[in-house]
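Below is one structure, written out as structure tokens; comments come after it.
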Amino acid sequence: MEHMDYEQNRQSDSGSKKMGIADRFITAMFLPKEYGSLLRLKVGKIISYLILLILLTSLIQYAIPALGAITGLGGLKNIILNEIPDFALEEGKFSFGEKLERKDTNLGVYVLVDTDKEKFTKDDIPDGMMEAVLVSSTNILLYNNVAGIGGMLQEDTFDHYKSVTITNQTIANGVNWIYAILILLFVSMYIGAFIKYLFAALLYSAVMYLLSKTMMMELTFGTVYKIALFAQSVGAIVIAIVYCIGSPLFILTGSAFNMLVTVILMNKALVQMKLENEAL
């Protein structure tokens, strides 16, 4: 049976064929007929491969666009001091350098920051809005229209923060903390991407495991799952690139390509394993 061939021969084959990380990437992305060598890798090498793969895709999808935007505007400190309008929270009063108003009638979202206004009330929220945020010099209103419940309004007043002083300059002075927060955010997104990748492999392997049964192959689910982990590689990189580009059409096309190429690679790997077993 196929799973016995690939699992029991792990010790002998892994000793004779050493696969570097580049070999693993090339095989996973372009050589499905040689997936047998990947399946014989020790668990530690499979995990290290996945760590590097998800790190690569996360850097492409999240880090590169963010760093590009920050660098293009002269760094976070320059953005805070020169790109963002002057703002200040002092002695329980908030001021913002310009009036900011955004209204999306399709989504029912309304945002208004106008510190020339002394105070906002519910009457200042336009009709038909599902969500709204209004900021005056003394208060901030948060409005949500929840189905079955109705409109829910929350208010906070800035006089609660009389002992706090926040300005562009104070934020700029703590720019290192902002960079640290961005790093933590990237780590959390990396972990999320890793979990998403493992879960997607579970879905692919469930479908292809059933397909292997129709091919009269006695593979374990674990073997099919390992194939799915490697087969997603090229699609994951393509998806990261199209998200980096940011075009909705590219993202839709990339998602379709990801699913298609993963299924094709898995199918080719399974067929090759069946042929090898029949030749024994």
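For the chain, adding -39500 (n - 2.57) for each run of n ≥ 4 DSSP H residues and dividing by the number of residues yields -18000 deg cm²/dmol at 222 nm. The share of alpha-carbon pairs in the stretch 70-169 lying farther apart than 22 Å comes to 41%.
The Cα atoms of the stretch 160-280 define a convex hull whose projected area, averaged across directions, is 12.2 nm². For ASN139, the residues 5 or more places off, or on other chains, whose built amide H falls under 5 Å of its own are PHE120, PHE158.
Please work out the Cα center distance from the stretch 117-163 to the stretch 43-80, rounded to the nearest Å. For the stretch 117-163 versus the stretch 43-80, the Cα centre distance is 36 Å.
For the stretch 132-210, the calculated P(r) over all alpha carbon pairs, in 5 Å bins from 0 to the bin holding the longest distance, is 3, 10, 9, 9, 10, 14, 15, 11, 8, 5, 3, 2, 1 percent. The stretch between LYS42 and VAL133 holds 27.4 nm of extra length on full extension. This uses 0.36 nm per residue minus the Cα-Cα distance. When the convex hull of the Cα atoms of the stretch 78-232 is projected onto a plane and the area is averaged over all directions, what value comes out in nm²? Quarter of the Cα hull surface area: 15.4 nm².
When the P(r) is computed for the stretch 182-235, the part past 18 Å accounts for 42% of the Cα-Cα pairs.
Note on LYS122 and ALA22: the model spin-label points, each 7 Å out from Cα along the C-beta direction, lie 6.7 nm apart.
In this rough spin-label picture, where each label sits 7 Å from Cα along the Cβ direction, the ALA256-THR157 distance is 5.7 nm. With the convex hull drawn around the C-alpha atoms of the chain, the volume per residue stands at 189 Å³.
The accessible area of THR71, taken with all protein chains in place and a 1.4 Å probe, comes to roughly 100 Å². The stretch 84-115 and the stretch 183-229 have Cα centres spaced 45 Å apart.
Across the cross-link table entries LYS45/LYS196; LYS99/LYS122; LYS196/LYS268; LYS77/LYS122; LYS77/LYS117; LYS18/LYS274, which are compared at the Cα atoms, the separations over 27 Å belong to LYS77/LYS122; LYS77/LYS117.
The values are calculated or read from the model by the stated rules, or taken from the named source; none is laboratory data. These numbers come from a predicted model, not from an experiment. Glycine gets a Cβ as well: all are built from the backbone with ideal geometry, and neighbour counts include every protein chain shown. Only protein heavy atoms, including side chains, enter the accessible area calculation; ligands, DNA and RNA are left aside. Shrake-Rupley method; radii C 1.70, N 1.55, O 1.52, S 1.80 Å.
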